[in-house]
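Okay, structure first, notes after.
The values are calculated or read from the model by the stated rules, or taken from the named source; none is laboratory data. Predicted, not measured: the structure shown is a model, and the values here were computed from it. Here Cβ is always computed from backbone atoms with ideal geometry, including for glycine, and neighbour counts include all displayed protein chains.
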Amino acid sequence: MHTNSNDWTHLERLEHAARALEPDAAELDELFGKTVAYARRHLSELAHAPAYVEREDAGRALTNSPITEDGISIDEALTLLRDNVDSIGIDPASSRFLGYIPGGGLVHSALGDLLAAVANRYAAVYYAGPGAVRMEHMLVRWMASLFGYPDSSGGFLSSGGSMANLSAIVAAREVHGVSGNEIERSVVYLTNDTHYCVGKALRIAGLSKCPGRFVQMDENFRMSSSALEETIRKDKKAGLRPWLLVSSTGTTNTGAVDPIGELGDIASAHGLWHHIEGAYGAFFILCQEGREILHGMDRSDSIIMDPHKTLFLPYGTGAVIVKERNHLFNAHRAWADYLQDIEQEMELVASAFLSPELTKHFRALRMWLPLKVIGVAAFRAALSEKIQLARYFHERLQQVPGFEVGPYPDLSVVTFRYVPPRGDANLFNQQLTDLIHADGRVFLSSTLLQDKLTLRLAVVCFRTHRDQIDLTLEILLEKVKMLLDLPADKRPAAPDSHVFRVTSSTNTSQESSSAVGP
Ligand SMILES: *Cc1c(COP(=O)(O)O)cnc(C)c1O
């Protein structure tokens, strides 16, 4: 627009219009009041709301309400949110969401997010936000101490476990010089139950051509240490270069914990980088039951964990810790002249120099606030309770004739299926899963274990207590009875309505190999 240099009156018009971005005191009262009232109501309804709702329109009204020049009222916006987002699909905050790996949603974290967003502190560079960086640093040190990692370790809070795995793998790649011609002879060891995001991370890291050894698992779906040792020896003899072991402290599929101490010893004897994939299970180290199975973590080279799973935070927070901070630093280093004001405080080196991100959400506050205000004891109790609830469910279900129950839970996942007197057991368990989903009071997910369709119960949410487990048992018996009472041809056909159908099968009986990437 051409403007007369003496006439700046249009600035007033622009300012007036732009002022809508800065609510005044009365508007702030309304925005805060109504938003908090919405959140309070959501929380109060949580105990009775369904864990899963499948709805024909799938929230389409949201798309039908386009972004326009003029805004709508906060009431209208909250109504759109309630009707089209917060009332359909899986409710991850529900105490009765027991599928996949459930989430959390500590209210203290939500308030931390609010404060982080209002003040909008810069959390990526030390001099710009020394307090914010210090807070993240403190949390990393606290996590490192849980696993017995030294002061020279370092890490950061990521958006989730997938990103955390990526950074650990990139650090391992740099340390082991896996590049160029070396890639095709540098072998990665994992199992069929290693989370799929590890394969994805290897691919993103340019390592999809690394040979992958899907090491045999034992009858409890844990990586077999003797099979690992044998496979590494064979590979070395064949002139290959074993470099990375990925062990899991709690697989998503069955919750199994690999024997990390033994595996770690083998990895170090053969000079491999030992990465522990602890997105689901690493935080169980906070409780006695968890410590009994998670010993040996201190001897690994890197660990990832998901505070948005077993530390009960809302989605959006993972973490990675590498035993030697310099490895992480070297793998992510980059420089630009316009960063020259930034001093490197190696002790408090910020995530901009350890991670792929620069500017980021001030994640530390959503983790620090609940830990400080609630204290760690309640977290220990909740994690211990989750393990005990899984054991309780395992014991109770075993007492019901017809149910075939998987291994005694290493942590808080139980696998099981019903074996009907007649007919196809896989179809029966698919129908059972579908009936549970249609009911919606509790949510369970299913998987395939050695080609057997198997249901899973994963107890992770801090809101889940014995009542919800008893209700789940009740619903299971009710649905099995319903199916048994129906003549086979009247039973629901297994529909395709399933949320995320699992297609890969778990094979414990034989070892397989292929490039790790797709
Ligand atoms: C959830 C999960 C992941 C992936 O983490 P995101 O936070 O979803 O990216 C990886 N591994 C395991 C075992 C998990 O449970």
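Hey, does the stretch 83-98 have a residue that's farther than 30 Å from Ala438 by Cβ, small (Gly, Ala, Ser) and out of contact with any Gly (no Cβ under 8 Å at 6 or more places or on another chain)? No, the conditions are met nowhere in the stretch 83-98. Checked against the criteria, Glu395 counts as without any contact (Cβ under 8 Å) to a residue 12 or more places away in the chain and farther than 30 Å from Val140 by Cα. Which one is farthest from Glu292 (Cα to Cα) among residues in the stretch 421-445 that are assigned to a helix (DSSP H, G or I) and of a type in the set (Gly, Ala, Ser)? Among those residues, the one meeting the criterion is Ala438.
Could you please let me know if Ser158 is under 19 Å from Phe283 (Cβ atoms), free of Cβ contacts under 8 Å to residues at least 60 places away in the same chain, out of contact with any Pro (no Cβ under 8 Å at 6 or more places or on another chain) and among the hydroxyl-bearing types (Ser, Thr, Tyr)? So Ser158 fails the test.
Under the condition of being over 20 Å from Asn253 (Cβ atoms) and among the aromatic types (Phe, Trp, Tyr), the residues counted in the stretch 410-439 number 1.
Can you tell me how many residues within the stretch 5-35 are in a loop (DSSP other than H, G, I, E, B) and more than 44 Å from the chain's Cα centre (by Cα)? Going through the stretch 5-35 one residue at a time, the tally reaches 5.
Can you spot a residue in the stretch 335-352 that is within 18 Å of Gly161 (Cα to Cα), away from the ligand (no atom under 16 Å from the Cβ) and modelled with pLDDT of 95 or more? No, because not a single residue in the stretch 335-352 is within 18 Å of Gly161 (Cα to Cα), away from the ligand (no atom under 16 Å from the Cβ) and modelled with pLDDT of 95 or more.
Could you check, for the stretch 400-420, whether at least one of its residues is part of a helix (DSSP H, G or I), touching a Lys or Arg at 6+ places or on another chain (Cβ under 8 Å) and closer than 28 Å to Val107 by Cα? No; the residues of the stretch 400-420 include none that is part of a helix (DSSP H, G or I), touching a Lys or Arg at 6+ places or on another chain (Cβ under 8 Å) and closer than 28 Å to Val107 by Cα. Tell me whether the stretch 63-81 contains one or more residues that are more than 30 Å from Leu448 (Cβ to Cβ) and in contact with an Asp or Glu (Cβ under 7 Å, 6 or more places away or on another chain). Looking through the stretch 63-81, at least one residue is more than 30 Å from Leu448 (Cβ to Cβ) and in contact with an Asp or Glu (Cβ under 7 Å, 6 or more places away or on another chain). Residues in the stretch 186-232 that are of a type in the set (Lys, Arg) and touching a residue at least 40 places away in the same chain (Cβ under 8 Å): Arg203, Lys209, Arg213, Arg222. Of all the residues in the stretch 415-439, those that are under 24 Å from Ala51 (Cα atoms) and either at pLDDT below 95 or surrounded by 17 or more Cβ atoms within 10 Å (Cβ to Cβ) (or both) number 14. Which ones in the stretch 38-80 are in a helix (DSSP H, G or I) and without any contact (Cβ under 8 Å) to a residue 40 or more places away in the chain? The answer is Arg40, Arg41, Ser44, Glu45, Arg60, Ala61, Leu62, Thr63, Glu76, Ala77, Thr79, Leu80.
Would you confirm whether any residue within the stretch 24-33 is surrounded by 10 or more Cβ atoms within 10 Å (Cβ to Cβ), touching a residue at least 24 places away in the same chain (Cβ under 8 Å) and small (Gly, Ala, Ser)? No, there is no match, as no residue in the stretch 24-33 is surrounded by 10 or more Cβ atoms within 10 Å (Cβ to Cβ), touching a residue at least 24 places away in the same chain (Cβ under 8 Å) and small (Gly, Ala, Ser). Of the helices (runs of 4 or more DSSP H) lying entirely inside the stretch 90-186, those containing at least 1 residues that are within 16 Å of the ligand (Cβ to nearest atom) and surrounded by fewer than 23 Cβ atoms within 10 Å (Cβ to Cβ) are 161-175. Considering the stretch 194-211, the residues that are aliphatic (A, V, I, L, M) and away from the ligand (no atom under 11 Å from the Cβ) include one that is farthest from the chain's Cα centre (by Cα), namely Leu207.
With respect to being closer than 25 Å to Phe147 by Cα, among the hydrophobic types (A, V, I, L, M, F, W, C) and surrounded by fewer than 23 Cβ atoms within 10 Å (Cβ to Cβ), Leu272 falls outside the description.
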